[in-house]
Amino acid sequence: MATTTLTSVDEKAIEEAAQTARHYLDQILLEPLSELGLPLKDKISFWRFKNQINTVLKARNVLERKGINPESIKSNILPETVIPLLEAASETSDDTVSDLFAGLLASALNPATKETMHPAYAKVLAQLSPLDAVILKELYFSVLSMSQNLDLEKPPENYNLHQPPHRQFGMEPESPPDPSGHSEQETMLSFQNIKRLGIGEGYDPLSRMNQAKRLCLTDFGISSMKACTQNLPIDQAS
């Protein structure tokens, strides 16, 4: 099946994409939700409508690549999980944040990963800026790489075997993932927001200890990023 993408704000193209998204939603959601697409355009702005469609289509493409069709998942979908997620996803057009929402929706729809999905994850994503999302992905995939490459027979110097890797790896505001595009002040604000949301910890700009000036992921941050990326293809997840 050909992949549907949104390449312009042309209303006809949006309507065609909306029909595809509505058809997919009708296939997988419970019967009362089959009318979800009908009032959507009348209730929310064109911008939010387009973002919502984009998320659905991205998630559909992810699941289709895994060979998961609507028939195999529609009986296990919880509206109280999927509907708030779609509403939150409508608030962003940023590709990085949108990909995380699509990955989260795919986790909620995939029978193999739906148990890793918590409704709070969508609420967290809804409060991320594009830079927040870039930082979280950088932290998460660095931790994964460290975990996969760690030789427990000969761990790195100063490595604590009794502490999980995500508490030993951190990022400083002076070295953001994209230093050319964001100032240190912007990165500091992102650090503060990530910490406020409970997905990051350790960052304290007033501390004199170097370790305290680094942002690390929390257990909740690890689990939320896993839910957002585990179904995505490697080139889109990392």
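The values are calculated or read from the model by the stated rules, or taken from the named source; none is laboratory data. Keep in mind that what you see is a predicted model, and the values were worked out from it rather than measured. Accessible surface is based on the protein model in full, side chains and every heavy atom, while ligands, DNA and RNA are left aside. Shrake-Rupley method; radii C 1.70, N 1.55, O 1.52, S 1.80 Å.
Can you sort 60, 48, 65 by solvent-accessible area, 1.4 Å probe, largest first?
I get 65, 48, 60, largest accessible area first.
Which entries in the list 123/195; 123/213; 195/226; 50/114 go over 23 Å, if you measure between the two C-alpha atoms of each?
Violating the 23 Å limit, Cα to Cα: 123/213; 50/114.
Just the number, please: Stokes-Einstein D of region 58-154 in µm²/s, Kirkwood Rh from C-alpha pairs, 10 °C, 1.306 mPa s.
The Stokes-Einstein estimate is 108 µm²/s.
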